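Below: one structure, written as structure tokens.
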């Protein structure tokens, strides 16, 4: 049996439980990761700038998100020895590559938000009227 077929690095299969690419999907599918990466697309920013831009993010969540992105090699953290200390966050080449994908998703979501909201309302109205949506209930 050829073991290379089962090696996640040679033949990744995100539908398999042990696939390493799932951990990557876990990171980039996160709302705050998505927004931070897109916010950094046009250049470095300081923590406070990101916090102001990302309405609703807590200091703890932004810190966790930035650490995860740095760990995964998507951003760099540069500490400047000034008083007070200055820290900039910037996308790496890998971060810029994924930013293009995430930016397209962000633009798509902006263009289709009204349609999605309307679909949710239609669904919720059906459920409120007693339709469960399960295949058995339609027979």
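The values are calculated or read from the model by the stated rules, or taken from the named source; none is laboratory data. Please read these numbers as outputs of a predicted model, since none were measured by experiment. All Cβ positions, glycine included, derive from the backbone under ideal geometry; neighbour counts span all protein chains shown.
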| query | So, of the residues in region 72-91 that are without any contact (Cβ under 8 Å) to a residue 24 or more places away in the chain and in contact with a helix residue (DSSP H, G or I) (Cβ under 9 Å, 6 or more places away or on another chain), which turns out to be surrounded by the fewest Cβ atoms within 10 Å (Cβ to Cβ)? | reply | 73
| field | Residues being assigned to a loop (DSSP other than H, G, I, E, B) and either over 17 Å from the mean Cα position of the chain (by Cα) or farther than 19 Å from residue 103 by Cα (or both) - total across region 58-89 | value | 6
| said: All but one of (1) in a helix (DSSP H, G or I); (2) loosely packed, with under 12 Cβ neighbours inside 10 Å hold for residue 101; state the number of the condition that does not hold. | reply: (2)
| task | Kindly provide the set of residues from region 20-34 that are at pLDDT 90 or above and outside any helix (DSSP H, G or I), ordered by number. | result | 29, 30
